[in-house]
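Undergrad: Could you have a look at this structure, given as structure tokens, before my questions?
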Amino acid sequence: MNNDYRKVNSISKPSVISACIFVVWVLLSVSSVHANTDADVERFKSLYNYALIAEAAYQGETRVEQVLVDQGYSLTAHGELPGYGVSYFLATSDSARQQILSVRGTSNVENAMVDVAFQLLPNKPTGIKLHQGFALSADFIYDKVKAHLRQDYRINTTGHSLGGAAALILAMYLDAAGYDVGEVVTFGQPKVTNMSGARQYGHLDVTRVVTPKDMVPLVPPLDPMDLMNMDIYWHLGTELVLQPGNAYSELEGVDSMMRATDFLNEMLSPKNLQHHYMTEYINLITPKMVNAKRVPYENDFSIYDWIGTSSE
């Protein structure tokens, strides 16, 4: 009997231990899923606040101040680039020891898409190549707000469309000048630099929020053959694609860049422009503040398909 007891006992202990480990693993897995879901919801609540600040740049100073007060900020500086329809404002929160710089895109997206110059030129403040027009906007804004910037505060930047491009370049300027750069959150932002520039400023915390049919973030469009050219335009950071309802996709690097291949033969249309407006971004973010679900992004074009075709 003792031998039988020892035999049963020797089997049961590992079984109990294994069962315990399995239960702990299940509990951790479940809690991890809930934690990730909660984190996603908080993430979209933060993005919603950024979206309101980015949208406020299109409105009057009264609306700007109202949005800022609701988020614990006060207006520090406000201005507009003469002749370009691009405005900006700097806000400060002394309690949070933070500042936020918001830039509005041009009010005429159609003309902006037609007139935009694609040439990359060396930029002295950053040491990389940048889109000339976006850099000029950033230069103007940086010169106007520099006296109001706090070296001892964290500075976040945001913006929509061409304003998002300027907001990203401003973050680069601030980083190069030694400021504490926090989050960079842009909406419908076109590309601003090349692969080398994206790599040099890859340490910045950049979130690019896009909608699937907004063409502006895909400009200039990508031809797969251009992947052999190190001087092509390239995006920074994480791309958050706002799908309908509570769904969203997250892309980086080549996966993000390959989205542009969907639109190689598609012309800019009123439907595309509708997907570019800040109202569309806010409408798509809103349900994700209650329940957000990450889903794979389905691209009509696969880089792996292209590699297989090109090697034949």
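Since every read-out is calculated from the coordinates, none of them should be taken as a lab result. Being a predicted model, the structure only gives us computed values, none of them experimental. Methodologically, a virtual Cβ is constructed for each residue, glycine included, from the backbone with ideal geometry; neighbour enumeration extends over all protein chains shown.
Undergrad: Tally the residues that are surrounded by 14 or more Cβ atoms within 10 Å (Cβ to Cβ), in contact (Cβ under 8 Å) with a residue 12 or more places away in the chain, outside any loop (DSSP other than H, G, I, E, B) and out of contact with any helix residue (DSSP H, G or I) (no Cβ under 7 Å at 6 or more places or on another chain), restricting the search to the range 60-79.
TA: Count: 1.
Undergrad: Working only within the range 144-179, note down all residues that are farther than 20 Å from TYR281 by Cα and of a type in the set (A, V, I, L, M).
TA: The answer is VAL145, ALA147, LEU149, ILE155, ILE169, LEU170, ALA171, MET172, LEU174, ALA176, ALA177.
Undergrad: So the check is Cβ under 8 Å with 6+ separation or different chains; which pairs have a first residue in the range 80-106 that's without any contact (Cβ under 8 Å) to a residue 40 or more places away in the chain and surrounded by fewer than 16 Cβ atoms within 10 Å (Cβ to Cβ) and a second one that's among the basic types (Lys, Arg) and assigned to a strand (DSSP E or B)?
TA: If the second residue must be among the basic types (Lys, Arg) and assigned to a strand (DSSP E or B), no pairs are left.
Undergrad: If you don't mind, there's one more thing I want to ask. Give the residues of the range 171-193 that are of a type outside the set (A, V, I, L, M, F, W, C) and part of a helix (DSSP H, G or I), sorted by residue number.
TA: TYR173, ASP175
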